[in-house]
Structures are given as structure tokens and as C-alpha cells.
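Asks: The structure that follows is given in the form of C-alpha cells.
The values are calculated or read from the model by the stated rules, or taken from the named source; none is laboratory data. Given the structure is predicted, the values throughout are model-derived calculations rather than measurements. A quick note on method: Cβ atoms are made from the backbone with ideal geometry, for glycine too, and the neighbour counts reach across all protein chains shown.
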Amino acid sequence: MKKLIETLAKYVVGGAIIASLLGYVERYNTVKNNILHHKLLTMESKIDELKNNTLISSHINSASKHLNDVNDSVSKFIDDFIKNIKGTGSSSNYISDSINEFYEFMSTLSTEQLGALAHILAGIFILFCIFSIVSVFYGDKLIVYFNIEKRLPSLARFIQIRRKLQHYYFLLNIILIVVTILYVIYVNLIVFTH
């Protein structure tokens with residue numbers, strides 16, 4: 001019986017060892033499964049990144065194709081523009097052709113349309129003169145306000161010359177405005193009397 005108990009004890013101890021080993025194997029499998037699961041998630045995220053990179057690269061390729069198309073279009077436009085400017089090879093021909101086209105356009109306009117064009121051009125010229133007058137006076141106010149003459153002594157001489165000529169700018173622009181208005185009145189009187 002002693003032998004039987006020893007044998008049973010061996011089996012019980014062996015069973016405990018086996019149970020212990022099975023517990024270790026089970027824990028090993030759990031840890032292994034967790035590691036494999038983590039690796040699987042990592043690989044899935046990397047696959048998603050690769051898909052996104054593929055998507056990005058396809059967008060980059062598409063954008064590059066569009067940029068090349070735009071570049072080709074701009075190059076063609078510039079080449080055509082240069083050819084039109086050069087015309088037959090001399091710039092004087094282009095200028096004379098442009099002047100002739102302008103005269104042809106002007107000859108197609110009626111008297112009322114020519115008068116309207118003259119009024120539009122006179123109005124633009126008068127606005128330009130008024131802007132010039134305003135910029136002369138407000139430019140000087142800005143120079144005084146920001147003390148530019150003291151801050152930038154290298155420009156002081158230029159500012160002094162500008163101030164001396166300021167009155168002449170004003171008079172020149174007033175004279176141009178008056179002459180333009182008189183011309184418009186003269187043209188209107190001619191059109192009105194005919």
C-alpha cells in the first residue's frame with residue numbers, strides 16, 4: 001500500500017505539475033493572443049496608412065497632371081501672344097497694324113458713340129487729375145504726420161524739392177482739368193449745333 005500511495009502521490013504531484021503547466025500554457029496562449037491581436041491592429045493601421053498614402057499619391061499625380069495641363073496652356077498662350085506681338089517679324093508693323101485697327105474701329109462708331117467715348121475718356125482724365133491733386137496734398141500730410149523728413153534724412157532733399165514743386169503740380173492739374181472741360185463743352189456745342 002505504501003507503494004500505491006507513493007504512486008498515487010507521484011500521479012497527484014504529476015497532475016498538479018501538469019495542471020500548473022496547463023495554467024502556464026493557458027497564460028502563454030493568452031499573452032500570445034494579446035500580442036498577436038496588437039500586431040494585427042498595428043498591421044491594419046499600417047495598411048490603412050498605405051491606402052491613405054496611395055490615395056494621397058493618386059491625388060498628387062492628379063494635381064501634377066492638372067498643373068502640367070495648365071503649364072502647357074499658359075505656354076501656348078504666351079507663345080501665341082509673342083507671335084501676335086511680333087507679327088510679321090517687326091514691332092513697327094505690329095504697332096502700325098494696331099493703329100490701323102483702332103482707326104477702323106473708330107470709323108465704325110456713330111457721332112453719338114464718338115461723343116460718348118470722348119466724354120468717358122475726358123471723365124477718366126479728370127478723375128486722374130483729381131487723384132493726382134489729392135495725392136500731392138495728402139502725401140505731404142502723411143510725410144509730416146510720420147516725420148519721414150526727420151526719420152529718413154537721406155530723403156529730406158527729395159521731400160524739399162517735392163514741396164517746392166507741389167504748387168506747380170496743383171496748377172498743372174487744374175489747368176489740365178479746365179482745358180479738358182472746355183474741350184468737352186466745345187465738342188458738345190459742335191454736336192448740338194449740327
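Asks: For ILE148, work out the one condition from (1) within 25 Å of ILE190 (Cβ to Cβ); (2) of a type in the set (A, V, I, L, M); (3) touching a Leu at 6+ places or on another chain (Cβ under 8 Å); (4) surrounded by 13 or more Cβ atoms within 10 Å (Cβ to Cβ) it doesn't fulfil.
Replies: Looking at each condition in turn, ILE148 falls short on (1).
Asks: For the range 96-103, state whether one or more residues are modelled with pLDDT of 80 or more and under 30 Å from THR193 (Cα atoms).
Replies: Yes - at least one qualifying residue is present in the range 96-103.
Asks: Then there's this: Does GLY139 qualify as being part of a helix (DSSP H, G or I), touching a residue at least 24 places away in the same chain (Cβ under 8 Å) and not hydrophobic (A, V, I, L, M, F, W, C)?
Replies: In short, no.
Rundown of residues vs (1) within 30 Å of MET106 (Cα to Cα); (2) modelled with pLDDT of 90 or more, yes/no style:
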site	(1), (2)
LEU121	yes, yes
ILE133	no, yes
ILE148	no, no
PRO153	no, no
ARG162	no, no
PHE170	no, yes
ILE175	yes, yes
THR180	yes, yes
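Asks: Keeping to the range 173-194, report how many residues are aliphatic (A, V, I, L, M) and either over 30 Å from ILE120 (Cα atoms) or touching a helix residue (DSSP H, G or I) at 6+ places or on another chain (Cβ under 9 Å) (or both).
Replies: Matching residues across the range 173-194 total 7.
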